[in-house]
1. Please report, in whole Å, how far the alpha carbons of the chain spread along each principal axis, starting with the longest.
2. By per-residue mean of other Cβ atoms within 10 Å, what is the highest-first order of 154-167, 23-36?
3. Which log10 I(q)/I(0) values, to two decimals, does region 122-170 give at q = 0.20, 0.23, 0.29 Å⁻¹ under the Debye formula with one point per Cα?
4. If you fit an axis through the alpha-carbon atoms of helix 85-102 and take the longest principal axis of the Cα set of the chain, what angle between them do you get, 0 to 90°, nearest 10?
5. On alpha carbon coordinates alone, what is the Rg over Rh value for region 1-53, Rh being the Kirkwood radius?
6. Mind ordering 61-73, 201-213, 140-152, 95-107 by average Cβ neighbours within 10 Å, highest first?
7. State, in angstrom, two size descriptors of region 156-231 derived from its alpha carbons: Rg to one decimal place and Dmax to the nearest whole number.
8. Per residue, what accessible area does region 31-136 have, given a 1.4 Å probe and all protein chains present, in Å²?
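The values are calculated or read from the model by the stated rules, or taken from the named source; none is laboratory data. In this text the structure is predicted, and so the values were computed from the model without any measurement. FYI the Cβ positions are ideal-geometry reconstructions off the backbone, even for glycines, and counts take in every protein chain you see. The accessibility values were calculated without ligands, DNA or RNA, using every heavy atom of the protein model including side chains. Shrake-Rupley method; radii C 1.70, N 1.55, O 1.52, S 1.80 Å.
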Amino acid sequence: MSLPEVKIDSGMSKTLHHGVRVLELLVAHPQGLTLTEIADGVGVHRTVAHRLVRTLEAHQLCRRDKFKRISLAAGLVRLAEPVEQDLRTLARPVLEELGEATQATAHLVVRETATRVRMLMIVEPRQAPMHVSFRPGQVDPIDRGSAGLAMLAAAPALDGERDEVARARARGFAVSYGEIAPGIVGVSAVVPRPAGATQISIGVSLFKASEEDHLGGQVVEAATRLATQLR
């Protein structure tokens, strides 16, 4: 996973930027990294990387194992828990019901910037013999994958937009094939929200979708149900 591009200006803290970069790098490498790998990944001297890691360790945001590999620590859970808590609380039963009805992995995705989306919640079906697995927090380009395509389709048509966006606008849901992960089909619909609110989509990911319209209808129904609860 490539790190999000951030341009540093004179009003920003370079040290804090590097510290956040360390955390982003560790998110992309859950198996852990050496101090040298972190220094190379962030683009700083090893001594600087050492100070950054020591500071993050003091706040329980990262830890070292017996092999001195550095990975994320439980302190991040405490920081992240309040984020979109109400949204996640309301969305969970909707996603659980959608996942069981479709026997597919259900997901809630939020629009983070003009160009990318973030997977906020994943609910895997309990009864399906096989299902797709994703990591919560995953960031993807908005123009790839059904979640982002559904969000783009909620806006007026633009010159040069992908045919998939226009088709999603006409159908009320978006479908993608192998754009986020090879061989995986995504079906998503935008959650109707007031103007100015953060865009959200609900969707499912599965290995095969033989009845797109039926599956799309189930996703749209779930998105509408969540919208009603959010009001």
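1. That gives 56, 43, 35 Å along the principal axes, largest extent first.
2. Highest-to-lowest ranking by the protection proxy: 23-36, 154-167.
3. Results for region 122-170 at q = 0.20, 0.23, 0.29 Å⁻¹ read -0.74, -0.83, -1.04.
4. 50 degrees
5. My calculation puts Rg/Rh at 0.95.
6. Numbers: 61-73: 14.8, 201-213: 18.7, 140-152: 24.0, 95-107: 21.2.
Taking the mean over residues of other Cβ atoms within 10 Å, the ranking is 140-152, 95-107, 201-213, 61-73.
7. In Å, with Rg to one decimal and Dmax whole: 13.0, 36.
8. Heavy-atom accessible area per residue stands at 58 Å².
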